Amino acid sequence: MDLIEKWQSGDINAFEALFQQYYKLVFKTAYLMVGNREDAEDVLQEVFFAVWKSRCTFNPAKGKLTTWLYRITINQCADRKRRKQVATLSTEETKDDGFDLPEIRSSELPEELSMSRLEYERAIKAVNSLGEKHRPVLILRYFNDLSYNEIAQVMGIPLGTVKSRLNEALRTLRGQLEKEKQGGAG
């Protein structure tokens, strides 16, 4: 019996092992979506509560566990944002509890969006300003390095919609970053 089967049969030790394996992935995604450490920690707890409660609904034949986790995380973040006003992402938070600021990981990031660490903070603020349709696809692609197909699965949207939302998000980011360069606004 593998770890997933043990977890699905109610083995708390297997659940703890899954938590240890995936909590950083969930936290990073939640942090980027909700904008601050406290809310991200709450989402982390909500996600893993849902993971335990809904363990029988996960079907490995339909997709990877990480895809299922991303979907639960995105949904929990959307629920939290509906309950709260839009949060602003702070890059000045301390790096404690083993959580570092999320890194942009995709090797396919457009060249004009490549940036120094100083520009990174501005980019994070620009990502934070994206709407609910565009922000998750950008986060899943460029911070979690998911493929377009994986994003379509996580979001439950067609592949073409993923691509168009991602293009629009990148166009918006380019515009915001260009405005900031020209105007020096901050």
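Take the residues of the stretch 138-186 that are over 20 Å from the mean Cα position of the chain (by Cα) and hydrophobic (A, V, I, L, M, F, W, C): which is surrounded by the most Cβ atoms within 10 Å (Cβ to Cβ)?
L177
Every residue in the stretch 1-14 that is hydrophobic (A, V, I, L, M, F, W, C), surrounded by fewer than 18 Cβ atoms within 10 Å (Cβ to Cβ) and not in a loop (DSSP other than H, G, I, E, B), please.
L3, I4, I12
Could you check how many residues of the stretch 22-53 are more than 15 Å from I72 (Cβ to Cβ) and in a helix (DSSP H, G or I)?
Looking only at that region, the number is 7.
Is one or more of the residues making up the stretch 75-96 assigned to a helix (DSSP H, G or I), modelled with pLDDT of 95 or more and closer than 20 Å to I124 by Cβ?
Checking the stretch 75-96: not a single residue is assigned to a helix (DSSP H, G or I), modelled with pLDDT of 95 or more and closer than 20 Å to I124 by Cβ.
The values are calculated or read from the model by the stated rules, or taken from the named source; none is laboratory data. Note that the coordinates shown come from a computational prediction; the quantities given were computed from them, not determined experimentally. Ideal geometry is used to build each Cβ from the backbone, glycine not excepted, and the neighbour counts take in all protein chains shown.
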